[in-house]
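S.K.: Next up is a structure, given as structure tokens.
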Amino acid sequence: MPDTQSLAWPVTILEPDLFDNGGLGEKLSLEVRSPLKAEDVTLLDDFDWHLWQDNRLLVKNGNEYQLLAPAAEPISAVQSGSPQFSWDFTSPAFVEALADRLTLRALRPILAGRVTQAWWNIREAGEDKIVCRLQLLHFQNETHSQGYWQLVPLRGYQQEFDKVARRMDKILGESLANLPVDLHFILADLALDDARPRAATIRLDSTAASEVAVAGMVLNLVRDAQRHVPGIIEDVDSEFLHDFRVQLRKARSLVQITKGALSAPRQASLKTLLADIMRPTGLLRDLDVFLLEQQYYRSLLPEIHQSGFDQLIRNVKNARNQACKTLQQYLHSDTYNTHLASIIDLAGEPAELASTSSQQPIYLLVNQLISKRYRKICRNGLAITDDTPDEDVHNLRIECKKLRYLLTIFGELYDAATLKKIIKRMKGLQTILGNFNDYAVQQEFLAMQSAKSRSQPLQMAVSGLIAVIFQQQRQLRQQVCSAIEEFAAPETTAIIDTLLAKETEPCEL
Amino acid sequence: MRIVACYSMKGGVGKTATAVNIAYWAAKSGIRTLLIDLDPQGASSFYFRVKPSSKSWGKRFFNAYKDLLGQVKASDYDNLDILPAHLNFRKFDVLLSSLKKRKARLKKILSGLSDEYQLIVLDCPPSIGDLSEAVFVAANPIFVPVIPTTLSQRTYAQLLQFFKEKKYPHKKLVPFFSMVQGQKALHKKTMEDMRAQHSNFLDAVIPFSVDVENMGEQRAPVDVFARSRPANRAYVALWKEMVALLNKKAK
């Protein structure tokens, strides 16, 4: 509860005896508050370092885990085994603290080293009273060695604090003020953030020729997809495959919707190759999606069908293991490598600029595409009634996805706040359309699982599930029309027009 | 933020020892605690090795909470700060009598400390005047140490009468037995009589102990130098009852 801030002095060499024997001045002595302790620790985080980005550190020391955050009490737990996901921890405090950031991602070691720390009281001889505190915190591994002495004031003892601080300035050089010296700070000081995995990015020139910009963006998306391949091969978590597929799907969608930007043969080849490379990933993703939702599906079934559901899960897990092996083999295969090399070659080819479309500035092309896509969604969407075939609803979902891809892929061409508003308005509609499609996919998936098995309990459990999911899909269908009406409202049209910087025109129905 | 007081109009009953030890246990439980030594003798400040500023600032005590905060000093223990007594705190009764809304003054000024502290413990001087009445308004509960003797019994009855006359809620008063000598028949009988008469006595009983007396020499709460002794166990039991009461009153 001090009024003043701590002061800190960097130390690269560990010298815990530096201030012994009256080193801090007359009438002031050091007494150990917490003895020197060195621990070999491992820092855990997910692939994207979500905890690090959130200023949190998950530190593992043997089977002891500590979750550190600035200005908060550490959360500690002893945990057996090697927890990979937030739900693997037995401590509810850990599950709660990690779940929101890690979601479906697995924890992996990102750094190891030795942390040395100690605390001393600085006691003044007159009243024999503690007047301030001194901490040493140091991190070391094969490549890094960095730490800090931190002088912590105590309320009401400012003069004594200043006296010690002056003494330390003389010994260690000028202090750094107002720093919360903790492990996170030391690691940031070691430029650990530079090692954080980042998405592949390119800088978009809004006036670049469409062919150049689209090909560059396809190349970038494919390169970013490649970042996830080692995680799929190691089978770390389901999100590696998910992110791999999303980036390739975006690339394929981009090739498709920017018709004319690339030459027709280049466009056709890229489209085919991207589809080829994605095809072997579909089965594993379907199985992953089902397994991720297994608790929910289990909750839909009465007790009588639980044993059949157990059998279904066993079958799906077996199928998943097999699909994972097959995909891993594919990702090591010549076929994959040849396809990938061809995509990279094709996307990296010099621009031909043979057509007017290929020459026009990318912002003009994307403007036209966004405008066209939005109008198409309004037109097709508002034509949907409660009796329209489901097929039309699925097509609308695909149109929305294309618009969303355009907005995110070329987001940097536009005003961020306006873009955010549109994406926010799209989310409601996309969630309904996405869930509507997921229900259809899951019914098909379950029917397939049932057909593959002779187990009667399994078939009964599956029938039960399909019936419930069918009902849920019907209920969701009733929300489609109102969600479209909301999205096609004049407000959205106005925001789209603001985004494209033109006068508002009524939506063409 | 909660404000509690250790009060008795009788001296030498164990107010300061109680205030020091319960403030220590509160802080040790992780509660950000401020002990305010209102007794100009400054015994609780002495126990925590905290000296007041040499400036005579007491006349500003009831003006602004920032003035108070400027005089606060950290103890040697985490979560525990002390507002040390100054000799001129002896003029508080006179000072308060010159102020408007004097009874509510202490409560108002202390409410400004709610961002900093979760618990304020008031160690009160043995008197009954404007300062005591300001304490009766500000604090809840008011812990009253009672030595089980005839004289203390009488003093407690006088306090209850005062509360009745002045219409202070008598439920605020929470008595407990202090400096008890189990071998004395008088102590035993007085305790039985008073418990029969007043149902709100805490169960915990603080024994008469050399360890409590030694706080002066050690200048520390009992737990620091006599951890496994009966007096320390008694203060732990007292704190547990107090915290249960605080939680109950909070609901």
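S.K.: Just one of (1) without any contact (Cβ under 8 Å) to a residue 60 or more places away in the chain; (2) in the same structural domain as residue A:140 (by the TED database) trips up residue A:230, so point out which.
M.R.: (2)
S.K.: Ok, one more. Which members of region B:64-76 meet the condition of being within 13 Å of chain A (Cβ to nearest Cβ) and either within 16 Å of residue B:92 (Cα to Cα) or part of a helix (DSSP H, G or I) (or both)?
M.R.: Our first condition is that a residue be within 13 Å of chain A (Cβ to nearest Cβ); within region B:64-76, this holds for B:66, B:68-76.
B:66, B:68, B:69, B:70, B:71, listed by residue number.
S.K.: Determine, yes or no, whether residue A:473 is surrounded by 15 or more Cβ atoms within 10 Å (Cβ to Cβ), closer than 30 Å to residue A:316 by Cβ and either in contact (Cβ under 8 Å) with a residue 40 or more places away in the chain or aromatic (Phe, Trp, Tyr) (or both).
M.R.: Working: surrounded by 15 or more Cβ atoms within 10 Å (Cβ to Cβ): yes; closer than 30 Å to residue A:316 by Cβ: yes; either in contact (Cβ under 8 Å) with a residue 40 or more places away in the chain or aromatic (Phe, Trp, Tyr) (or both): no.
No; evaluated as a whole, the condition is false for this residue.
S.K.: Which of the residues spanning region B:77-86 are within 10 Å of chain A (Cβ to nearest Cβ) and open to solvent by 10 Å² or more (accessible area, probe 1.4 Å)?
M.R.: Residues of region B:77-86 within 10 Å of chain A (Cβ to nearest Cβ): B:77-84.
Residues satisfying the conditions are B:77, B:78, B:79.
S.K.: Answer yes if at least one residue in region B:87-106 is touching a Pro at 6+ places or on another chain (Cβ under 6 Å) and within 14 Å of another protein chain (Cβ to nearest Cβ), and no otherwise. I'd like the intermediate steps shown before the answer.
M.R.: As a first pass, look at region B:87-106 and keep what is touching a Pro at 6+ places or on another chain (Cβ under 6 Å): B:87, B:89-90.
Keeping just the survivors that are within 14 Å of another protein chain (Cβ to nearest Cβ) gives none.
No, region B:87-106 has no match at all.
S.K.: Follow-up question, since we're still on this one. If only one of A:155, A:166 is buried (at least 17 other Cβ atoms within 10 Å of the Cβ) and of a type outside the set (Gly, Ala, Ser), which one is it?
M.R.: None of the others qualify; the one that does is A:155.
Listed here are the residues, each with its yes/no results for (1) within 14 Å of chain B (Cβ to nearest Cβ); (2) open to solvent by 60 Å² or more (accessible area, probe 1.4 Å); (3) under 38 Å from the mean Cα position of the chain (by Cα).
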{"residue": "A:18", "(1), (2), (3)": "no, no, no"}
{"residue": "A:27", "(1), (2), (3)": "no, yes, no"}
{"residue": "A:33", "(1), (2), (3)": "yes, yes, no"}
{"residue": "A:37", "(1), (2), (3)": "no, yes, yes"}
{"residue": "A:41", "(1), (2), (3)": "no, no, yes"}
{"residue": "A:45", "(1), (2), (3)": "no, no, yes"}
{"residue": "A:83", "(1), (2), (3)": "no, no, yes"}
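S.K.: I need a count of the residues in region A:300-351 that are among the β-branched types (Val, Ile, Thr), open to solvent by less than 70 Å² (accessible area, probe 1.4 Å) and farther than 24 Å from residue A:225 by Cβ.
M.R.: Restricting attention to region A:300-351, the residues satisfying the condition of being among the β-branched types (Val, Ile, Thr) are A:304, A:313, A:316, A:326, A:335, A:338, A:343-344.
Next, only the ones that are open to solvent by less than 70 Å² (accessible area, probe 1.4 Å) stay: A:313, A:316, A:343-344.
In the following step, the residues that additionally are farther than 24 Å from residue A:225 by Cβ were identified as A:313, A:316.
So the count comes out to 2.
S.K.: Within region B:1-31, can you find the residues that are part of a strand (DSSP E or B) and either open to solvent by less than 10 Å² (accessible area, probe 1.4 Å) or in contact with an Asp or Glu (Cβ under 9 Å, 6 or more places away or on another chain) (or both)? Let's see the steps before the verdict.
M.R.: Of all residues in region B:1-31, those part of a strand (DSSP E or B) come to B:2-6.
Residues satisfying the conditions are B:4, B:5, B:6.
This table checks each residue for (1) in contact with a strand residue (DSSP E or B) (Cβ under 6 Å, 6 or more places away or on another chain); (2) without any contact (Cβ under 8 Å) to a residue 60 or more places away in the chain; (3) surrounded by 20 or more Cβ atoms within 10 Å (Cβ to Cβ).
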residue	(1), (2), (3)
A:77	yes, yes, no
A:86	no, yes, yes
A:92	no, yes, no
A:102	no, yes, yes
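S.K.: Shifting gears a bit: Please give the number of the condition residue A:182 fails out of (1) surrounded by fewer than 19 Cβ atoms within 10 Å (Cβ to Cβ); (2) in the same structural domain as residue A:47 (by the TED database); (3) not β-branched (Val, Ile, Thr).
M.R.: Just one mismatch for residue A:182, condition (1).
S.K.: Something else: Determine if region B:233-251 includes at least one residue that is over 21 Å from the mean Cα position of the chain (by Cα) and over 28 Å from residue B:129 (Cα atoms). Even if it seems obvious, please write down each step before you answer.
M.R.: Let us first name the residues in region B:233-251 that are over 21 Å from the mean Cα position of the chain (by Cα), namely B:251.
Keeping just the survivors that are over 28 Å from residue B:129 (Cα atoms) gives B:251.
Taking every residue of region B:233-251 in turn, at least one turns out to be over 21 Å from the mean Cα position of the chain (by Cα) and over 28 Å from residue B:129 (Cα atoms).
S.K.: For region B:113-210, which helices (runs of 4 or more DSSP H) that fit wholly inside it have 1 or more residues that are in contact (Cβ under 8 Å) with a residue 60 or more places away in the chain and either open to solvent by 30 Å² or more (accessible area, probe 1.4 Å) or β-branched (Val, Ile, Thr) (or both)?
M.R.: On the way: elements: B:130-138, B:150-166, B:185-197.
The qualifying helices (runs of 4 or more DSSP H) are B:130-138, B:150-166.
Yes/no matrix, rows are residues, columns are (1) under 31 Å from the mean Cα position of the chain (by Cα); (2) open to solvent by 20 Å² or more (accessible area, probe 1.4 Å); (3) without any contact (Cβ under 8 Å) to a residue 40 or more places away in the chain:
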{"position": "A:458", "(1), (2), (3)": "no, no, no"}
{"position": "A:461", "(1), (2), (3)": "no, no, no"}
{"position": "A:467", "(1), (2), (3)": "no, yes, yes"}
{"position": "A:479", "(1), (2), (3)": "yes, yes, no"}
{"position": "A:487", "(1), (2), (3)": "yes, no, no"}
{"position": "A:490", "(1), (2), (3)": "no, yes, yes"}
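S.K.: In addition: So which residues in region B:35-63 are aromatic (Phe, Trp, Tyr), within 14 Å of chain A (Cβ to nearest Cβ) and assigned to a loop (DSSP other than H, G, I, E, B), if there are any at all? Write out each step before concluding.
M.R.: Initial filter on region B:35-63 (aromatic (Phe, Trp, Tyr)): B:46-48, B:57, B:61-62.
Next, from what is left, pick out any that are within 14 Å of chain A (Cβ to nearest Cβ): B:46-48, B:57.
The answer is B:48, B:57.
S.K.: Output the residues belonging to region A:357-403 that are among the β-branched types (Val, Ile, Thr) and in contact (Cβ under 8 Å) with a residue 12 or more places away in the chain. First the steps, then the outcome.
M.R.: First pass over region A:357-403, keeping only residues among the β-branched types (Val, Ile, Thr): A:362, A:366, A:370, A:377, A:384-385, A:388, A:393, A:398.
Result: A:362, A:366, A:370, A:377, A:384, A:385, A:393.
S.K.: Considering only residues that are crowded, with 19+ Cβ neighbours inside 10 Å and of a type outside the set (Gly, Ala, Ser), which ones fall in region B:50-61? Spell out how you get there, then give the answer.
M.R.: Narrowing region B:50-61 to residues crowded, with 19+ Cβ neighbours inside 10 Å: B:50, B:52, B:58, B:61.
Once the filter is applied, which keeps residues that are crowded, with 19+ Cβ neighbours inside 10 Å and of a type outside the set (Gly, Ala, Ser), region B:50-61 yields B:50, B:52, B:61.
S.K.: Confirm whether residue A:117 is modelled with pLDDT of 90 or more, surrounded by fewer than 19 Cβ atoms within 10 Å (Cβ to Cβ), closer than 19 Å to residue A:70 by Cβ and more than 14 Å from chain B (Cβ to nearest Cβ). Don't jump to the end; show me each part of the working.
M.R.: On the way: modelled with pLDDT of 90 or more: yes; surrounded by fewer than 19 Cβ atoms within 10 Å (Cβ to Cβ): yes; closer than 19 Å to residue A:70 by Cβ: yes; more than 14 Å from chain B (Cβ to nearest Cβ): yes.
In short, yes.
S.K.: Could you list, in sequence order, the residues of region A:372-403 that are crowded, with 16+ Cβ neighbours inside 10 Å and over 20 Å from residue A:485 (Cβ atoms)?
M.R.: A:402, the sole residue that qualifies.
S.K.: Being assigned to a helix (DSSP H, G or I) and without any contact (Cβ under 8 Å) to a residue 60 or more places away in the chain: is that true of residue B:92 here? Walk me through how you get there before you give the answer.
M.R.: Numbers: assigned to a helix (DSSP H, G or I): yes; without any contact (Cβ under 8 Å) to a residue 60 or more places away in the chain: yes.
For residue B:92, the condition - assigned to a helix (DSSP H, G or I) and without any contact (Cβ under 8 Å) to a residue 60 or more places away in the chain - is met.
S.K.: Hey, another quick one. Please determine, by comparing only the residues of region A:47-66 that are among the acidic types (Asp, Glu) and open to solvent by 40 Å² or more (accessible area, probe 1.4 Å), which one is nearest to residue B:76 (Cα to Cα).
M.R.: Within region A:47-66, the subset among the acidic types (Asp, Glu) is A:48, A:54, A:64.
Of the ones still in play, those that are also open to solvent by 40 Å² or more (accessible area, probe 1.4 Å) are A:54, A:64.
Values: A:54: 34, A:64: 30 Å.
Going through the qualifying residues, I end up with A:64.
S.K.: Could you run through region A:407-422 and say how many residues are over 27 Å from residue A:209 (Cβ atoms) and surrounded by fewer than 15 Cβ atoms within 10 Å (Cβ to Cβ)? Write out each step before concluding.
M.R.: If we filter region A:407-422 for residues that are over 27 Å from residue A:209 (Cβ atoms), which is where we start, we get A:417, A:420-421.
Narrowing further to those that are surrounded by fewer than 15 Cβ atoms within 10 Å (Cβ to Cβ): A:417, A:420.
Residues flagged as over 27 Å from residue A:209 (Cβ atoms) and surrounded by fewer than 15 Cβ atoms within 10 Å (Cβ to Cβ) within region A:407-422 amount to 2.
S.K.: Now a separate question. Listed residues A:191, A:225; which is at positive phi and out of contact with any Pro (no Cβ under 7 Å at 6 or more places or on another chain)?
M.R.: Values: A:225 fails: at positive phi.
Criteria check complete, one pass: A:191.
S.K.: Among the residues of region A:302-318, which ones are modelled with pLDDT of 95 or more and either of a type in the set (Val, Ile, Thr) or under 20 Å from residue A:438 (Cα atoms) (or both)?
M.R.: Correct list: A:309, A:312, A:313, A:316, A:317.
S.K.: For region A:291-315, what are the residues that are aliphatic (A, V, I, L, M) and assigned to a helix (DSSP H, G or I)? Break it down into steps so the answer makes sense when it comes.
M.R.: Our first condition is that a residue be aliphatic (A, V, I, L, M); within region A:291-315, this holds for A:291-292, A:300-301, A:304, A:312-313.
If the condition is that a residue be aliphatic (A, V, I, L, M) and assigned to a helix (DSSP H, G or I), then A:291, A:292, A:300, A:304, A:312, A:313 are the ones that fit.
S.K.: While we're looking at this one, here's another question. Can you give me the number of residues within region A:329-355 that are farther than 21 Å from residue A:202 by Cα and β-branched (Val, Ile, Thr)?
M.R.: Adding up the residues that qualify gives 2.
S.K.: Can you name the residue in region A:260-286 that is outside any helix (DSSP H, G or I) and of a type in the set (Gly, Ala, Ser) and, of all such residues, is least open to solvent (accessible area, probe 1.4 Å)? If you could, list the steps in order and put the result at the bottom.
M.R.: Let us first name the residues in region A:260-286 that are outside any helix (DSSP H, G or I), namely A:260-263.
Next cut, of a type in the set (Gly, Ala, Ser) only: A:260-261, A:263.
Numbers: A:260: 26, A:261: 1, A:263: 32 Å².
Once the filter is applied, the top-ranked residue is A:261.
The values are calculated or read from the model by the stated rules, or taken from the named source; none is laboratory data. Keep in mind the model is a prediction, meaning the values are calculated, not measured. Reconstructed Cβ throughout: ideal geometry from the backbone, glycine too, with neighbour counts over all protein chains shown. All accessible areas refer to the heavy atoms of the entire protein, side chains included, with ligands and DNA or RNA removed. Shrake-Rupley method; radii C 1.70, N 1.55, O 1.52, S 1.80 Å.
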